[in-house]
Every structure is written in structure tokens, then in C-alpha cells.
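So the structure is just underneath, and the comments pick up after that.
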Amino acid sequence: MGMAKEKRMFPRANLTCRISVILDFRILVFNSEIENIGEGGIRVTLDEKLPVSTPLTLEISVTDKKIYIKCKGEVIWANEKKLTKDERYVFDTGIKFTNLSNSKKEEIRSLVTSFFSKSSEA
């Protein structure tokens, strides 16, 4: 079998999202670029490490396409990575979508498709 190679990569600055997390009475809001998205979940880079199983709300918006999707998710992994340019650490974070309705799944599917078709033409 071997390691699964990541096939999904997007033109980066085009896809951003807001992630709201409520932790012990603290509300954290991150604005992040989406590294990868599929029907099952999303991979983003955050400034803070979130514990695995942290529930959160995702607001995915793509301004140039007027797309806005709000859904629930849960942290499934977080890996520290160092940004060499400014010597700080960020956290590559995997979030799985939870309780997605069929209509939300459809919205995410069409979001993914629109980015694939766009990147394959380049």
C-alpha cells in the first residue's frame, strides 16, 4: 500500500475560513487558509494548538465566489510546524466535519469541485 500521497492541493490564498472555538469560556477565532478540504473534513494552519476532540464551528467563506458554509467539526490531529521566515510555530490542524446535513455535504462537494476544475485548467 505505502503512504497515501496528498492529491488535493489548492491555489492557496483563494480559500480562507474562519474557525470559532469555545474553550473553557474563551472564544478563539482564527482566520486561516485552507490547506485541503474534502467532504469528510478540512486541514488548516492555526496559531494555537487545539486539543484533539475539541469541538468547533467552521465558517468557510470564499469571497471571490460568494460562498459561505457554516458547519460543526472536531479536531482530530494537530502537528507543530515552524515557519522559518519569522521563526514562529504554527499548527497544522486536521478537523473532521460532524453532523453534516446532506445539503451541507453537497455545498462542500461543489466547493471542492469548483477548485479542482479551476486548478486543472492552469
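Nothing in this text is a laboratory measurement; each read-out follows from the coordinates by a stated rule. Since the model is a prediction, treat every value here as computed from it, not as a measurement. Virtual Cβ from ideal backbone geometry, glycine too; neighbours counted across all protein chains shown.
If you place +1 on the Cβ of every Lys and Arg and -1 on the Cβ of every Asp and Glu, how big does the dipole about the Cα centre of region 12-105 come out, in debye to the nearest 20? Working shown, then result.
Values: 16 positive and 13 negative charges, 63 e Å.
It comes to approximately 300 debye.
Taking each residue as 0.36 nm, the span from Val52 to Arg18 lengthens on full extension beyond its C-alpha to C-alpha distance by 10.4 nm. As a proxy for reagent exposure, ranking Asp86, Asp47 by other Cβ atoms within 10 Å from fewest up yields Asp86, Asp47. Charge tally for Ser53 (other residues, Cβ to Cβ under 11 Å; Lys, Arg +1; Asp, Glu -1): 0.
Take the residue pairs Lys65/Lys96; Lys66/Lys104; Lys72/Lys96; Lys66/Lys96 and return only those whose Cα atoms are more than 18 Å apart.
Details: Lys65/Lys96 23 Å; Lys66/Lys104 15 Å; Lys72/Lys96 9 Å; Lys66/Lys96 23 Å.
Too far apart for the 18 Å limit: Lys65/Lys96; Lys66/Lys96.
Here the 3J(HN,Hα) profile of region 26-33, calculated from phi with Karplus coefficients 6.51, -1.76 and 1.60 at θ = phi - 60°, is 9, 10, 9, 10, 10, 9, 9, 8 Hz, Gly and Pro shown as x.
Just rank Ile34, Ile42, Ile22, Ile95, fewest to most, by other beta-carbon atoms within 10 angstrom.
Numbers: Ile34 20, Ile42 23, Ile22 12, Ile95 27.
In order of increasing Cβ crowding within 10 Å: Ile22, Ile34, Ile42, Ile95.
The order of Val52, Val90, going from fewest to most other C-beta atoms within 10 Å of their C-beta, is Val52, Val90. Give me the net charge for the shell around Gly73: Cβ to Cβ below 12 angstrom, other residues only, Lys and Arg +1, Asp and Glu -1. With Lys, Arg at +1 and Asp, Glu at -1, the neighbours total +3.
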